[in-house]
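Data first, discussion second: the structure below is written as structure tokens.
Derivation of every value follows stated rules applied to the coordinates shown; laboratory data play no part. This is a predicted model, so every value here is computed, not measured. Cβ sites come from the backbone with ideal geometry, for glycine too, and all protein chains shown count toward neighbours.
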Amino acid sequence: MAVSHTLSMQDLEHKVLVKVPVDEAVEYIYEQLHDDDKSFTDHIQHLAREYENDDKIPPSVGSQCKKCEFICNAEQEAEGFKNGFKECWRQAYKWQDKDFEEAHMFELWNFRGVQKLIDTDKVKLADLTEDDVKPKDDGKPGLSNSQRQWLQVEMCRDGETEAYLDVQGIKAEMASWTYPLHFIDFETTTVALPFTQGRRPYEGIAFQFSHHVVRQDDSIAHVGEYLNTERGVFPNIDFVRALKAELEQDKGTIFRYADHENNFLNLIAKQIKADADSIEDADELLTFIQSITHSTGGVKPPWTGERDMVDLLKLVKRYYYHPDMKGSNSLRQVLPAVLSGSKFLQKKYSQPIYGEGCKIPSLHFKDHIWIKMEEGRVVDPYKQLPSLFKGVSEKNVALLSEEDELSNGGAAMTAYTKIQFEDMSEYEREELEQGLLKYCELDTLAMVMVYEAWKDMI
Ligand code: SF4
């Protein structure tokens, strides 16, 4: 990373990092014995010897392998990368290539009993029995966690390729929605070293949102967005002002995907309260935030807004499953699955209907065709967008973009950080901003497509 040419000795006077005594922690590590009753020093020497002799240490596979850092996807293997995960599991279970084609138990969504089953040599999803999963009704509409896990096992075992949708459940949910429907998505970041003066370490920054609308007559439009990447500017207050201006036009239901948007608006409410004296519309902004969220973190008095946002992820978990989703409900996994399972979406979006001046107006696309087929399968729309990071390998982009239900939009955070820290030309900056805008627009379009697929199925 380039060092700013304006940096002076004065800037470096205040130390950011301080020395902390770690003797106790080091002592503790030294005292620990390893599985084979080896001391820490013996263990290190053993590892050094094995390394020196170039001997392979037999792997000890277990639940930790779910997050193995040496996993490659098919494309990476084709490029010549070695797949460390496969090497270990081949050695531990004498697996052949065809074993890796079957669903691994690690694909089971949100399952806590992985190690217990590995200990009994159950490692493939189709090997699990009802007794392993113990599906139980939790008394709420739709599927409980364990019922959904069991559904996934059954669909895998039966080779099911069609999606599951609880039609009655989703109909009941839809009956409570008010048009026009609003679909929003935030891009945010939290950094140890604040980008702007006067802010705290690890303080949340909301720098971008996108907004799609679906009207009662089924017309769709990408109606709005916000992006502020300006250096030295803390964007949160303007971000909420822009969001308020977009959503206060009507009383329609607002959708988010996961808790992120609700949590972040709670956080911004706190920031506004802390700086209320210097924000002239603080009261209006707080009233708006409370109207579309519910309080979190034991805030007193608690609130639930009259337009509290609907969590589309929660609906996916309770009412919908497609085998292509495997064990992930992240929007980037759900979108391709929904597209491959919906003939309606395939037909509609294989036309150039998306873009400026088209049937579905967009702020960043022109006559765009979202459905492209390759070898009989829908090409993931996210993979159709240009990479945010030029000159970065596909493997590293995948790492940057890693996302699940909890971590959201890693690539956008990285792009924002690059803009804040790196000296870049106006052209590079604009390119990166255009990329951010397109990705975020697709996030809210993806939510619209999930809604459309369900509407078609009921
Ligand atoms: S697969 Fe091998 S390398 Fe990966 S976590 Fe498991 S034991 Fe470690």
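At-a-glance table
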read-out: Dipole moment magnitude, nearest 20 debye, the chain about Cα centre, only Lys, Arg, Asp, Glu C-beta charged; value: 1000
read-out: Of 15/418; 244/270; 56/86, pairs whose Cα-Cα distance is over 19 Å; value: 15/418
read-out: R0 of 25 Å, Cβ-Cβ distance residue 92-residue 54: FRET efficiency to nearest 0.05; value: 0.75
read-out: Fewest-first sequence of 429, 332 by Cβ atoms within 10 Å of each Cβ; value: 429, 332
read-out: Rounded to the nearest 20 debye, dipole of segment 63-164 from Cβ charges on Lys, Arg, Asp, Glu; value: 460
read-out: Farthest positive-ward along the chain dipole, Cα basis, beta-carbon charges - from 370, 264, 226; value: 370
read-out: Antiparallel DSSP beta bridges within the chain, as percent of all bridges there, nearest 5; value: 85
read-out: Unit charges at the beta carbon, dipole of the chain: most positive-side option, 346, 304, 174; value: 174
read-out: Convex hull of the chain built on C-alpha atoms - directionally averaged projected area, nm²; value: 28.2
read-out: Estimated FRET transfer efficiency (residue 116, residue 178; beta-carbon r; R0 56 Å; 0.05); value: 0.75
read-out: Computed over the chain: relative contact order in percent, which uses C-alpha pairs under 8 Å that are six or more apart; value: 14
read-out: Length added when fully stretched, residue 66-residue 428, from 0.36 nm per residue minus Cα-Cα; value: 126.6 nm
read-out: Simple spin-label estimate for residue 383 and residue 161 in nanometres, 7 Å along Cα-Cβ; value: 1.8
read-out: Cα lying deepest toward the dipole's positive end in the chain, options 147, 240, 105, charges on Cβ; value: 147
